[in-house]
Amino acid sequence: MLAQSQHHLLWLREQDHPAISWPKWQQQLSLLGECYQAETCLIVQFINNSFQIVCARKGKKYQLIGGTHFEDAGLQSIIEEHNGYTATISDGRDLSSSLNQFKHLLTQPIFWPDGELFGSILICDPDLNKQTGPLSSLIENSKSFIQAELKHLFLMQQIKMLSVQDDQTCMLNPYGFSLMAPRQLSLSRRFGSHAGIILIEENIEENIEESNSSALTCDSQAQKRRLLARIIHDNMRDADVSARISHNQFIILCFIDHKANLDSLVSRLKKQIAKEAPGLTINTGQSFFTPDTQISLEPMKKQANDNLNLNKLGSANNF
């Protein structure tokens, strides 16, 4: 499981964000409603062809309240085709949701700082004479304020993500694994899933012998480590958790049906590594646990590490 930002796939109302000031968002809507003499004003978020009302102007009741989910192909088309700058007026008859109860809709899309679409400010049945003149920039100011708060949130999430991410491979680091793995393990036990730990250790001494200079060694090892991380990620399921826990060691917490599945996964990983990185030498260790084995993650990791050391000793003796 790679650590990655999912800010644009999460409903803002369903998260607790100290970077977002809901009273100020509400104040922006109240100001817009009064200045544009609108029936109501909304801020909506858009994710995967669906909308959610983030907040709505208090006043007349139109069954449009914060947290309401709806789909509207017409509104989606208006927002996605918008140039992102000046607000535009649309005909309410072009909409398929309850927003079609309004004759006109003034729309101003809002974006995350990385350019992803967040949603839109909607001013429902505004006084059309207010669309131009001194008030024409008011909705732009509200957009700028909201995007500034989204930027603050985005930066906070980036910092949080980096704190659990290995900078070389973009996998979870030891801290990230210690946060994610116990939660997944607890969830799997609740559903009766078997679990396994796999340790993959890069044999640095053998791999370094392939390089002819110290400069090439550093670059070569970093590239191989990133390749190994990608192979591990490509062979995992969404529920599994992987991390780089030291400069040459990776760990996988996987959820399986039988012990044979764990052996098959280790075998598949070895074959894939041999195929995609033939010059990379690794050692592996593993441990298997049934759902009724109520032990913490550390003993599971210790058993896998003991198995790794045993396998390394066996390889050395065979050599």
Checklist outcome for this item: Relative contact order in percent for region 22-162 (Cα pairs under 8 Å, 6+ apart) equals 23
Next on the checklist: Between region 146-204 and region 73-101, how far is it from one alpha carbon centroid to the other, in angstrom?
Outcome noted: 38
Next on the checklist: Give the aspartates and glutamates reachable from residue 312 as a straight Cα distance under 19 Å; neighbours fewer than 8 places away on the same chain don't count.
Outcome noted: 201, 202, 205, 206, 209, 263
Checklist entry - Taking the Cα centre of the chain as the origin, how large is its charge dipole in debye, to the nearest 20, when only Lys and Arg (+1) and Asp and Glu (-1) carry charge on their Cβ atoms? => result 620
Checklist entry - Under 29 Å Cα-Cα from residue 143, which lysines qualify once same-chain neighbours fewer than 8 residues away are excluded? => result 24, 58, 60, 61, 103, 130, 151, 160
Checklist entry - lysines within cross-link reach of residue 275: Cα-Cα under 18 Å, excluding same-chain residues under 8 positions apart? => result 224
Item to check | Span-like helix ranges in the chain, DSSP H, alpha carbon extent 18 angstrom or more, Kyte mean at least -0.5 | outcome: 138-162, 174-190, 214-234
Checklist outcome for this item: A 1.4 Å probe over the protein heavy atoms gives the chain a carbon and sulfur accessible-area percentage of 51
Next on the checklist: If the only charges are +1 at each Lys and Arg Cβ and -1 at each Asp and Glu Cβ, what is the size of the charge dipole of region 78-195 around the Cα centre, to the nearest 20 debye?
Outcome noted: 580
Item to check | Karplus 3J(HN,Hα) series, Hz, for region 113-129 with 6.51 cos²θ - 1.76 cosθ + 1.60 (x for Gly, Pro) | outcome: x, 8, x, 5, 5, 8, x, 7, 8, 10, 10, 8, 6, x, 6, 4, 5
Item to check | Viscosity 1.306 mPa s, 10 °C: Kirkwood-radius Stokes-Einstein D of region 125-182 over Cα pairs, µm²/s | outcome: 107
Checklist entry - Can you give the accessible area per residue of region 141-187, in Å², using a 1.4 Å probe? => result 53
Checklist entry - Long-range amide H contacts for residue 110: which residues qualify at under 5 Å (H placed 1.01 Å from N, peptide plane, sequence gap of 5 or more or a different chain)? => result 118, 119, 120, 121
Next on the checklist: At 7 Å along Cα-to-Cβ for each site, give me the label-to-label distance between residue 129 and residue 37 in nm.
Outcome noted: 0.6
Next on the checklist: What's the magnitude of the charge dipole for region 1-118 around its Cα centre, counting Lys and Arg as +1 and Asp and Glu as -1 at the beta-carbon? Answer in Debye, nearest 20.
Outcome noted: 540
Checklist entry - With the other protein chains left in place, how much accessible area per residue, in square angstrom, belongs to region 15-67 at a 1.4 angstrom probe? => result 50
Checklist outcome for this item: Computed Rg/Rh for the chain (Cα atoms; Rh = Kirkwood radius) stands at 1.15
Checklist outcome for this item: Output for region 12-130 (equivalent-ellipsoid semi-axes, sqrt of 5λ from the C-alpha gyration tensor, Å, descending) is 20, 17, 14
Item to check | Cα coordinate range in region 216-302, projected on the principal axes (Å, largest first) | outcome: 48, 23, 22
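The values are calculated or read from the model by the stated rules, or taken from the named source; none is laboratory data. Owing to the predicted nature of the structure, the values given are computational and were not obtained by experimental measurement. Methodologically, a virtual Cβ is constructed for each residue, glycine included, from the backbone with ideal geometry; neighbour enumeration extends over all protein chains shown. All accessible areas refer to the heavy atoms of the entire protein, side chains included, with ligands and DNA or RNA removed. Shrake-Rupley method; radii C 1.70, N 1.55, O 1.52, S 1.80 Å.
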